[in-house]
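The values are calculated or read from the model by the stated rules, or taken from the named source; none is laboratory data. Computed from a prediction, not measured in an experiment: that's the story for all the values here. Cβ sites come from the backbone with ideal geometry, for glycine too, and all protein chains shown count toward neighbours.
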């Protein structure tokens, strides 16, 4: 087990250090950053963390079947399609976010950091031993270039780091960031999330859009060994990787290779997994989870089905309306359409009642608002009362729930009344406005499994005269159309942190509304949301952050920017019976399989046991002879 803080006194010392964040710590200390001034779980004596096996063997291969394709190797380039796995496996960061705690980051490439008393500068001291996979050192120049590169090519990163006015190299292993918003207390943590690129290699080999097609030197635990575009992508563990003994890395990255196998068709990918060509499958379909595993390899125990508890699974999920389209600008229209989505019927008929309906933009977490607004929430919302729906000040948002498969008659009438108030009337079974235009919606999607869900909504909308047309496109076309906001409705999924901050500007802020590649797919342009996000960013403590999150959540929900979707409390995995894993998974890990390892081969294990027995007998014999 990793060593926890040894005493309450030690905890208080750490809290004081990181509450004021004025003095740097020497290289021997375990520097950490706490957004909310809470004591970290691990101190400088920790050798590894509790959610790993520090003695896990480093061997074997993890093989995943992936739906889609890729044409580049830079995961943050807006142009083209690149796997996010590259960021996880190949890029190291200044700090490593805790997978067990909220708002805590531990050392990685940076061995420590300093924050000035006025909070206007944040300085990171890099490890001298940190190197890229080609042996070149990771320097302040690489960090600076990575920062400037990311905010140049990626609109989200530009918003994420907009509070930084300047970055400079103090020396080869020291980099200093200047903040123009000292009130943004999470900046040291999110700057710690910067993925560090090999600057010289990228300058020489990437195109103007930041697209990279050549495998590059890695700062992280793996390097790309095979890039057969659109088919396979293989990561090879770097021998004697410089970061292996950092406490947050011990017991992770246990496979010699990680292989991604790409498929255009989901069924073909699944059949390939059943045949043993890949050894891990993450199941997204409740229907398949209950029906597709009734075969000999599962019955014989060759494939294991397991649902892993997933505390990181917290997201904004829904069918987003594109408010850039005139027909969706009126909240009454969005509400009427939302009323006609019968989730309960869908859950019974397709999902085996495994899902629960979402009533928040922040999943089923403490970030989600509940009940009537608290005094603190009202203080945040009251100044904007004239600009907000009256429901914001009442009880919490609840998605409609229907017992029958048919939407109740009174709800249908309510939807028609709302549509009529917004200027649309049902004529000859078609919803029409005064200009004679028909109400038509094109729902853009790429995953074939979504089609049945869309058709379910289509049937209900047809009752009020709305023509919903599913449009399936391939992955690359989908990405391009999304980037250009060329859709009426689309499925939205945004993974949310447990500690909210800058990223909310990109997800829901007005300035991201028209930016190509933005995550603000709905086109939300609400000055109240903007101002509440800014208050959230400078929140003084965790409770204040929660109050701001609840206020934002209420405003977003009652404006019906999307039809709330559903969620499942866990991660469905199926894997060939060759893996072992810790008893508990890291609660907030985006990819808990990084703590898994390959079990010893049964024959090798038996041979090892026999050798151990022979050695034991020989020792006994020697003892007798002596």
Would you check which residues across the range 61-74 are touching a helix residue (DSSP H, G or I) at 6+ places or on another chain (Cβ under 6 Å) and either within 18 Å of residue 192 (Cα to Cα) or outside any loop (DSSP other than H, G, I, E, B) (or both) and list them? 65, 67
Does residue 86 count as crowded, with 22+ Cβ neighbours inside 10 Å, within 20 Å of the chain's Cα centre (by Cα) and farther than 22 Å from residue 33 by Cα? yes
Across the range 535-594, the tally of residues that are under 30 Å from residue 400 (Cα atoms), assigned to a strand (DSSP E or B) and over 17 Å from the mean Cα position of the chain (by Cα) stands at 3
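Given the residues 82, 133, which is the only one that is part of a loop (DSSP other than H, G, I, E, B) and modelled with pLDDT under 95?
Numbers: 133 fails: modelled with pLDDT under 95.
Every option except 82 fails the conditions.
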Any residue that is in contact with a helix residue (DSSP H, G or I) (Cβ under 6 Å, 6 or more places away or on another chain), in contact (Cβ under 8 Å) with a residue 24 or more places away in the chain and more than 30 Å from residue 540 (Cβ to Cβ) - is there at least one of those in the range 495-504? no
Residues (surrounded by 13 or more Cβ atoms within 10 Å (Cβ to Cβ), free of Cβ contacts under 8 Å to residues at least 12 places away in the same chain and more than 24 Å from residue 566 (Cα to Cα)) located in the range 391-422: 420
Regarding residue 363, is this residue within 20 Å of residue 550 (Cα to Cα) and loosely packed, with under 15 Cβ neighbours inside 10 Å? no
Can you tell me which of (1) under 26 Å from residue 444 (Cα atoms); (2) crowded, with 18+ Cβ neighbours inside 10 Å is the one residue 287 doesn't meet? (2)
So, in the range 437-449, exactly how many residues are farther than 14 Å from residue 493 by Cα and at pLDDT below 95? 2
Taking the range 246-261 on its own, how many of its residues are assigned to a loop (DSSP other than H, G, I, E, B) and crowded, with 19+ Cβ neighbours inside 10 Å? 10
Of all residues in the range 185-211, count the ones that are part of a loop (DSSP other than H, G, I, E, B) and modelled with pLDDT of 95 or more. 6
Consider the range 189-205. How many of its residues are more than 17 Å from residue 144 (Cβ to Cβ) and either buried (at least 21 other Cβ atoms within 10 Å of the Cβ) or in contact with a strand residue (DSSP E or B) (Cβ under 6 Å, 6 or more places away or on another chain) (or both)? 1
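If you check 308, 282, 333, 304, which single one turns out to be within 30 Å of residue 522 (Cβ to Cβ) and not assigned by TED's automatic domain parsing to the domain that holds residue 559?
282
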Flagged in the range 497-517 as surrounded by 21 or more Cβ atoms within 10 Å (Cβ to Cβ), modelled with pLDDT under 95 and closer than 30 Å to residue 451 by Cα, in numbering order, are 506, 512
Just wondering, is there one or more residues in the range 136-150 that are outside any helix (DSSP H, G or I), over 20 Å from the mean Cα position of the chain (by Cα), surrounded by fewer than 19 Cβ atoms within 10 Å (Cβ to Cβ) and modelled with pLDDT of 95 or more? yes
Somewhere in the range 180-188, is a residue assigned by TED's automatic domain parsing to the domain that holds residue 121, buried (at least 18 other Cβ atoms within 10 Å of the Cβ), within 25 Å of residue 242 (Cβ to Cβ) and without any contact (Cβ under 8 Å) to a residue 40 or more places away in the chain? no
Can you pull out every residue in the range 421-454 that is touching a strand residue (DSSP E or B) at 6+ places or on another chain (Cβ under 8 Å) and assigned to a helix (DSSP H, G or I)? 448, 450, 451, 454
Any residue in the range 462-485 that is under 30 Å from residue 188 (Cβ atoms), outside any loop (DSSP other than H, G, I, E, B), outside the structural domain of residue 159 (by TED's automatic domain parsing) and without any contact (Cβ under 8 Å) to a residue 12 or more places away in the chain? no
Run down 322, 279 and say which single residue is touching a helix residue (DSSP H, G or I) at 6+ places or on another chain (Cβ under 8 Å) and farther than 30 Å from residue 438 by Cα. 279
